[in-house]
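The values are calculated or read from the model by the stated rules, or taken from the named source; none is laboratory data. Computed from a predicted structure; not experimentally measured. The area values use the complete protein model at the heavy-atom level, side chains included, leaving out ligands, DNA and RNA. Shrake-Rupley method; radii C 1.70, N 1.55, O 1.52, S 1.80 Å.
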Amino acid sequence: VRAIARQQYDSKAGAAKWEAEDLLADRAQTRLDEEVDKQLGEATDKFRTQVLEPLQALGLRPETVGLETTRERLIARYRLAGYQQVGAFTPRPQATSDSLLSVQIHESTLNNVVSSLRLNSQETDLPSLFRAIAQRFRRTNYQVPEDVPTDVTLRLADHDPITLNCADDRIHVTLRIARLEGGDHTVWRDFEVRASYAPDVEGLHVRLVRDGYVRL
């Protein structure tokens, strides 16, 4: 009897082991899928509330231009512009082969967003301008930096008050001001302010740091 029992055990041990491993794998896969679905859902909600809805409120229409899958890459191209705005139509540089995720933004996207803020001819003080822009992007917890002057008022130019140009690994910002009045009531009229910003990469965090002097 003992020999028969051991023989039956030996004959079924492999199948039992496979069944146990399959059951464990199914449970692990189910748990992984649930966690991934949860994370994707949270990321989707965050993208919708912090990116998509503010852009739509500005009159911009994120539109799919192309979706492509190759053996090595998943490529998505989008156009971000209003009905009366233009988007770029130039060849994109190929992402590096060792990057897991590469995002390329054309300067037309940046200028379309800035243009949709409708800052033309606005006359305001600096803290109010900062808060108004933050409100357009639905940054409810935004705090105006302490070093922003409170006794300066300005009126932006009627046309292209802010433009951005990407060149030489820099973002060049031009601010056109029709009138600026300082705290001592000194007034300057019709001038441009230009500054360049370079990317500063630290791990997964990227910020723009002013490079060189502010030019008038």
Name the lysines eligible as straight-distance cross-link partners of Lys46: C-alpha to C-alpha under 17 Å, and not fewer than 8 places from it in the same chain.
Lys38
Would you look at the GNM of the chain, springs on alpha carbons closer than 10 Å, and say which of Gln29, Gln104, Gln56 moves the most?
Gln29
Express the accessible area of the chain per residue in Å², computed with a 1.4 Å probe while the remaining protein chains stay in the model.
80
So what does Glu42 come to for accessible area, using a 1.4 Å probe and Å² rounded to 10?
100
Whenever you get a sec, compute what percent of the accessible area on the chain sits on carbon and sulfur atoms (1.4 Å probe).
53
